[in-house]
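The values are calculated or read from the model by the stated rules, or taken from the named source; none is laboratory data. Quick caveat: nothing in here was measured; it's all calculated off a predicted structure. Positions of Cβ are generated from backbone atoms using ideal geometry, with glycine treated the same way; all protein chains shown enter the neighbour counts. Please note that ligands, DNA and RNA were not included when accessible areas were found on the heavy atoms of the full protein model with its side chains. Shrake-Rupley method; radii C 1.70, N 1.55, O 1.52, S 1.80 Å.
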Amino acid sequence: MSSTNQSSVTEFLLLGLSRQPQQQQFLFLLFLTMYLATVLGNVLIILAISTDSRLHTPMYFFLCSLSFVDVCFSSTTAPNVLANHILGSQKISFSGCLTQLYFLCIFGDMDNFLLAVMAYDRFVAICHPLRYTTKMTHQVCALLVMGSWVVANMNCLLHILLMARLSFCADNIIPHFFCDVTPLLKLSCSDTHLNELMILTEGAVVMVTPFVCILISYIHITWAVLRVSSPRGGWKAFSTCGSHLTVVCLFYGTVITVYFNPSTSYSAGRDTAAAVMYTVVTPMLNPFIYSLRNRDMKVALRKVLAMRFPSKQ
């Protein structure tokens with residue numbers, strides 16, 4: 001890797017969500033509201049699960065991990081967007097851009113892996129209920145999460161090293177609100193075929209493998225539910241998966257839209273809208289999706305809120 005590759009362009013300009021001044025103030029307030037809701041909602045989920053011993057089960061352990069990752073995921077982009085608006089600056093250094101891309105990749109991969117782990121947890125709970133406690137032990141749960149972190153770090157380090165070897169010669173304007181892979185590849189004046197090949201092969205394997213695991217898990221779950229003699233019992237078993245399925249559809253729908261299209265079909269407006277969905281909107285909605293139809297979570301959240309804001313007699 002030559003240092004001259006990086007000396008031609010030392011910083012990039014992020015155009016943000018809109019170039020129209022009348023829209024920027026509205027988008028700033030909207031982004032601030034969504035980010036605060038994301039942090040507050042997910043932190044409440046973490047506190048509720050941590051303080052209620054009834055929720056110390058594998059399903060809620062994975063949900064707690066997902067909430068932590070969602071806070072980190074949103075924090076890689078939203079604070080920078082808000083700070084740029086306040087300071088009136090659109091600049092981000094080359095190293096800062098790669099750092100943001102690295103953490104965005106890690107937390108995106110972790111979301112992906114945790115959704116697959118949660119699907120496997122539901123598969124074992126519904127299809128093999130008598131063996132659930134022996135299969136989903138504390139050690140197994142910890143290994144699943146730690147293994148996900150290791151794979152995510154290795155995958156993202158590979159893509160960052162490949163990105164760091166590229167040359168950026170003249171144009172440094174990124175039509176996005178954060179440093180993302182596709183806009184950076186479009187700006188590079190060197191050969192990006194290896195990067196694109198790795199995204200569509202190794203990157204696709206990392207993304208598609210958990211998705212296939214989710215599909216297989218839900219095929220088995222559906223088959224097990226259909227075999228239940230009582231329709232009410234079958235629906236009750238499947239209803240525990242409804243929240244998870246909603247999040248899976250939101251996450252994978254937007255990610256596939258952004259990353260698994262040829263670079264020739266790249267559209268800044270479409271990809272920016274999809275990126276807002278999976279970096280800000282989905283992490284914000286997750287606490288609501290997982291708690292609104294979950295009686296245990298509602299009770300735990302009320303206890304946390306009662307501890308923080310005790311009623312005055």
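Can you tell which of Tyr259, Tyr290 is at pLDDT below 80, in contact with a helix residue (DSSP H, G or I) (Cβ under 9 Å, 6 or more places away or on another chain) and aromatic (Phe, Trp, Tyr)? Lay out the reasoning, then the answer.
Values: Tyr290 fails: at pLDDT below 80.
After applying the criteria, what remains is Tyr259.
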Inset, instruction - May I ask you to say which residue of Thr272, Thr246 is modelled with pLDDT under 80, among the polar types (S, T, N, Q) and either assigned to a loop (DSSP other than H, G, I, E, B) or at negative phi (or both)? - result: Thr272
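Here's the yes/no breakdown for (1) modelled with pLDDT of 95 or more; (2) within 19 Å of Thr33 (Cα to Cα):
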| position | (1), (2) |
| --- | --- |
| Tyr60 | no, no |
| Cys72 | yes, yes |
| Thr77 | no, yes |
| Ala83 | no, yes |
| Ser93 | no, no |
| Cys97 | no, no |
| Gly108 | no, no |
| Asn112 | no, no |
| Leu115 | no, no |
Inset, instruction - Only residues that are in a helix (DSSP H, G or I) and among the β-branched types (Val, Ile, Thr): list them for the stretch 91-145, please. - result: Thr99, Ile106, Val117, Val124, Ile126, Thr133, Thr134, Val140, Val145
Legend entry - Of residues in the stretch 65-95 being farther than 19 Å from Val181 by Cα, of a type outside the set (A, V, I, L, M) and in contact (Cβ under 8 Å) with a residue 60 or more places away in the chain, the one most open to solvent (accessible area, probe 1.4 Å): His85
Legend entry - Residue list for the stretch 193-214, filter: over 30 Å from Tyr120 (Cβ atoms) and open to solvent by less than 20 Å² (accessible area, probe 1.4 Å): Asn195
Legend entry - All positions within the stretch 145-176 that are among the small types (Gly, Ala, Ser), loosely packed, with under 15 Cβ neighbours inside 10 Å and within 30 Å of Ala119 (Cβ to Cβ): Gly147
Inset, instruction - Considering only the stretch 36-64, state which residues are open to solvent by 20 Å² or more (accessible area, probe 1.4 Å) and closer than 19 Å to Ile106 by Cα. - result: Val39, Cys64
Inset, instruction - Go through the stretch 112-130 residue by residue and tally those that are open to solvent by 10 Å² or more (accessible area, probe 1.4 Å) and in contact (Cβ under 8 Å) with a residue 12 or more places away in the chain. - result: 10
Inset, instruction - Determine whether the stretch 170-177 contains at least one residue that is modelled with pLDDT under 90, aromatic (Phe, Trp, Tyr), in contact with a helix residue (DSSP H, G or I) (Cβ under 8 Å, 6 or more places away or on another chain) and closer than 13 Å to Leu98 by Cβ. - result: no
